[in-house]
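A quick write-up on the structure given underneath.
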Amino acid sequence: MMTAETLPGVRDALPTDLAAMVALGERAAPARGPGGEPAESRRARLAALVSDLGAVVLVATDEEVVQGYLAASVGDPAPPHGGAGPVGYVDDLAVGEGHDWWRVGGALLARARSRLKEAGAVRMIVTTGGGDPVKQAFLWRSGFTLITESYEESLP
């Protein structure tokens, strides 16, 4: 079992964290395959979330070096995630190294659970690109259930 000394600190993300967050997101992008989100789009999206008081945007740090981040918001359940009550949608979750999912990802999810519940969410849904089996195993072992898998086709 891990001790508190081995866990990273988790805090609200600041605008000064954006460069590190985008870099971590880029590391995760190859797992998502071609057509991933361009860095400037990710930067703009994350900057908007960091400045949104209703969003939950967290970073995990070791000695103030960003090791991972999580971006979430609370909204009404949408198909195919229907059900009662508001949902905490985690749209972005990344860690620096695959072996850090338990230490860094676990710390981020623990804080997100309490913050999203405080914001009124009754469930948390973490979206993934589907191409990172280590992240998927981490989520499953953390108590999440796979609820949907999506496929897409370009329409000429």
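Remarks
- Filter result (surrounded by 15 or more Cβ atoms within 10 Å (Cβ to Cβ) and acidic (Asp, Glu)) within the range 92-106: ASP92, ASP100
- Residue within the range 83-92 that is of a type outside the set (Phe, Trp, Tyr) and free of Cβ contacts under 8 Å to residues at least 12 places away in the same chain present: no
- Hey, SER51 closer than 22 Å to SER142 by Cα and more than 11 Å from the chain's Cα centre (by Cα) or not: no
- Of the residues making up the range 93-146, those that are under 16 Å from LEU24 (Cα atoms) and in contact with a strand residue (DSSP E or B) (Cβ under 7 Å, 6 or more places away or on another chain) are LEU93, ALA94, VAL95, GLY96, ASP100, TRP101, VAL104, GLY105, LEU108.
- Of residues in the range 38-58 being touching a residue at least 24 places away in the same chain (Cβ under 8 Å) and in contact with a Leu (Cβ under 8 Å, 6 or more places away or on another chain), the one nearest to ALA23 (Cα to Cα): ARG43
- Wholly enclosed helices (runs of 4 or more DSSP H) of the range 38-156 bearing at least 3 residues within 24 Å of PRO15 (Cα to Cα) and modelled with pLDDT of 95 or more: 39-51, 106-118
- For the range 46-72, the tally of residues that are of a type in the set (S, T, N, Q) and either farther than 15 Å from ARG111 by Cβ or exposed (fewer than 12 other Cβ atoms within 10 Å of the Cβ) (or both) stands at 1.
- Yes/no for SER73 being over 16 Å from ALA28 (Cβ atoms) and under 16 Å from the mean Cα position of the chain (by Cα): yes
- Residue match in the range 69-76 (condition: closer than 19 Å to ALA23 by Cβ and among the acidic types (Asp, Glu)): no
The values are calculated or read from the model by the stated rules, or taken from the named source; none is laboratory data. Worth saying up front: this structure is predicted, and the values here are computed from it rather than measured. As a convention, Cβ positions derive from the backbone with ideal geometry for all residues, glycine included, and neighbour counts pool all protein chains shown.
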